[in-house]
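The values are calculated or read from the model by the stated rules, or taken from the named source; none is laboratory data. The structure presented is a predicted model; accordingly, all values stated were derived computationally and were not measured. As a convention, Cβ positions derive from the backbone with ideal geometry for all residues, glycine included, and neighbour counts pool all protein chains shown.
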Amino acid sequence: MDHFAYSTVGGNAVLSCERLPAEEVARLVGTPCYVYSKATLTEHFTKLAEAFKALDPLICFSIKSCGNLSICRLLGELGAGMDVVSGGELYRAMAAGVPASRCVYAGVGKTDEEIAQALDAGLYLFNVESEEEFENIARIAKAKNVVCKTALRVNPDVDPRTHRYTSTGKKETKFGVDIERAKEFFRRYGRDSHCKLVGIHLHIGSPIYTTDPYVESVRKATTLMDELAAEGFTVSTLDLGGGFGADYETDQTPTLSTYADAIVPLLAARVKAGLRIILEPGRTLVANAGVLLTRVLYMKRSGDKTFAICDAGMNDLLRPSHYHAFHFIWPAETPLAFRPDRRAKEMQVPGLISVDVVGPICESGDFLALDRPLPPVKRGDLLAIFTAGAYGMAMASRYNAQPLPAEALVDGSKLTVIRARERYEDLVAHERSPIALATG
């Protein structure tokens, strides 16, 4: 569940973020703005930890999904490590107070500088994606005379049945190595003295709305582990990756307990025998913990279309345009006849109109929703875009010289701006002083 709810105020349904009316948040912070609920974040992390308690996992939050320092700090205080995919994300994790010793590092394109940074910081584990990458990490570790731990990212060739841009566990992907190559990889590199190959890493895609792909991939991984053990290689760590679904109002998301009920029995005995489990949740923790608030600038008719032109667009929330993703959108205040007692993908309420919710960007692909049933809306109305906490602000851009939006965290009735809205000066700050470099 999340802590964004409508209540009756006078004759209207009014959205609150925990105990603060959304309209009050927008008045104080401005729009567009991302608003996160501390109670939702805490509840989701606690439920995940409880569901997988029998495996005692290291839960490494996928920082790529929402990297705000305050969000990462909150999850770190709850016990989370961080799953990072760049030197910048590792820097961000440590800036939020999460030590590198609780971080795992994936990504196909780690630079020499990033690898050295992670080694110097005392990284817990590299997730290795190729033979050349392993050789490079080993070379740098040897030059530094340090020992690091690695896990091999294996593609179990399982179909996660998700968007092709976020399907990462098939053979036809840039990530990891085919499961058939894994044993040869261990034979070749499994006894390196500076780069210890101790684990298997799985990450098959996101979001995944059924447990079957996890069951299949875990079974393939444990079979591989047993075959490696027969050759004298001990796999002491299994990183299951992330990808658990978030509820985008599609009525198809399993509960965290449902995922755990399918996965835990496959691994419980191995954990008792010493296997370390790592989880890398992202959207399942933060997606429903955030909403994007946007103000309607203009209403417009064009042909048979009605447009609500808002101050937020694809530059603020890319998912609808990039993935054709669904986000529930509703006015923050509306007559009781339009109260969304149950947010649904298609609400069948008399009086709704079909609207394209679009932004200010000069692209035909700049939309937040197409042909969406909405109550009648007008200039100045505040709209709430739900389930926006994951891959919302993280994928925001300055396209069309639009400053990045503000971010705010609500804790009960307390409101904190956790990222200031950018100013025009911020857009050009790095261009003010050109640097001439000597050449030749």
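Quick check: is even one residue across the range 62-77 assigned to a strand (DSSP E or B) and not hydrophobic (A, V, I, L, M, F, W, C)?
yes
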Discussion item. If a residue counts only when it is in contact with a strand residue (DSSP E or B) (Cβ under 8 Å, 6 or more places away or on another chain), aliphatic (A, V, I, L, M) and touching a residue at least 60 places away in the same chain (Cβ under 8 Å), which strands (runs of 3 or more DSSP E) contained entirely in the range 360-440 have at least 3 such residues?
Written reply: 382-385, 406-411, 414-419
Worksheet entry | Qualifying residue in the range 25-32 (condition: in contact with an Asp or Glu (Cβ under 8 Å, 6 or more places away or on another chain) and assigned by TED's automatic domain parsing to the domain that holds PRO335) | yes
Practice prompt. Just one of (1) in contact with an Asp or Glu (Cβ under 6 Å, 6 or more places away or on another chain); (2) at pLDDT below 95; (3) crowded, with 18+ Cβ neighbours inside 10 Å trips up VAL108, so point out which.
Written response: (3)
Worksheet item: GLY205 fails exactly one of the following numbered conditions: (1) at pLDDT below 90; (2) among the small types (Gly, Ala, Ser); (3) over 24 Å from ALA268 (Cα atoms). What is the number of that condition?
Response: (3)
Worksheet item: Condition test on VAL291, is it outside the structural domain of THR8 (by TED's automatic domain parsing), within 30 Å of ILE63 (Cα to Cα) and either of a type in the set (Ser, Thr, Tyr) or in contact with a helix residue (DSSP H, G or I) (Cβ under 8 Å, 6 or more places away or on another chain) (or both)?
Response: no
Discussion item. Please pick out the residue among SER413, SER354, SER364 that is in contact with a Ser or Thr (Cβ under 8 Å, 6 or more places away or on another chain) and farther than 18 Å from THR294 by Cα.
Written reply: SER354
Practice prompt. Name the single residue, out of those in the range 297-315 being crowded, with 19+ Cβ neighbours inside 10 Å and among the aliphatic types (A, V, I, L, M), that is farthest from GLY199 (Cα to Cα).
Written response: ALA308
Response to the item:
Exactly one of LEU297, LEU318, LEU285, LEU368 is in contact with a Pro (Cβ under 6 Å, 6 or more places away or on another chain) and modelled with pLDDT of 95 or more, and that one is LEU368
Discussion item. I'd like the full set of residues that are buried (at least 18 other Cβ atoms within 10 Å of the Cβ) and modelled with pLDDT of 90 or more, limited to the range 176-188.
Written reply: ALA182, PHE185, PHE186
Fill in: Subset tally (residues that are closer than 19 Å to GLY76 by Cα and among the β-branched types (Val, Ile, Thr)) for the range 255-299
4
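Quick one: which helices (runs of 4 or more DSSP H) lie wholly within the range 201-317 and hold at least 3 residues that are in contact (Cβ under 8 Å) with a residue 60 or more places away in the chain and closer than 26 Å to HIS3 by Cβ?
Details: elements: 212-230, 256-272, 283-286.
Where helices (runs of 4 or more DSSP H) fall fully within the range 201-317 and carry at least 3 residues being in contact (Cβ under 8 Å) with a residue 60 or more places away in the chain and closer than 26 Å to HIS3 by Cβ, they are 256-272, 283-286.
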Worksheet entry | Selected residue [polar (S, T, N, Q) and under 12 Å from PRO281 (Cβ atoms)] from SER65, SER86, SER70, SER37 | SER65
Item to complete: Working carefully through the options THR284, THR294, THR334, find the one that is among the polar types (S, T, N, Q), surrounded by 16 or more Cβ atoms within 10 Å (Cβ to Cβ) and in contact with a Gly (Cβ under 7 Å, 6 or more places away or on another chain).
Response: THR284
Response to the item:
Log entry, pairs with first residue in the range 59-73 being more than 14 Å from GLY290 (Cβ to Cβ) and outside the structural domain of ALA390 (by TED's automatic domain parsing), second being among the β-branched types (Val, Ile, Thr) and surrounded by fewer than 23 Cβ atoms within 10 Å (Cβ to Cβ), beta carbons closer than 9 Å, six or more apart or on different chains, reads SER62/VAL85; ILE63/VAL85; LYS64/VAL85; LEU69/ILE418
Discussion item. Condition first: part of a loop (DSSP other than H, G, I, E, B) and hydroxyl-bearing (Ser, Thr, Tyr). Now tell me which residues in the range 187-200 satisfy that.
Written reply: SER193
Worksheet item: Does LEU78 satisfy the criteria of being surrounded by fewer than 21 Cβ atoms within 10 Å (Cβ to Cβ) and among the hydrophobic types (A, V, I, L, M, F, W, C)?
Response: yes
Practice prompt. Name the residue, out of THR31, THR46, that is of a type outside the set (A, V, I, L, M, F, W, C) and part of a loop (DSSP other than H, G, I, E, B).
Written response: THR31
Worksheet item: Just to be sure, is THR253 assigned by TED's automatic domain parsing to the domain that holds GLU129, at pLDDT 95 or above, among the hydroxyl-bearing types (Ser, Thr, Tyr) and buried (at least 16 other Cβ atoms within 10 Å of the Cβ)?
Response: no
Item to complete: Kindly indicate whether ILE59 is outside any strand (DSSP E or B), modelled with pLDDT of 95 or more and not charged (D, E, K, R).
Response: no
Practice prompt. Could you run through the range 14-40 and say how many residues are surrounded by fewer than 23 Cβ atoms within 10 Å (Cβ to Cβ), in contact with a Ser or Thr (Cβ under 8 Å, 6 or more places away or on another chain) and of a type in the set (A, V, I, L, M, F, W, C)?
Written response: 2
Fill in: Filter result for the condition that a residue is over 30 Å from PHE326 (Cβ atoms), in the same structural domain as ALA141 (by TED's automatic domain parsing) and in contact with a His (Cβ under 9 Å, 6 or more places away or on another chain), over LEU228, LEU197, LEU238
LEU238
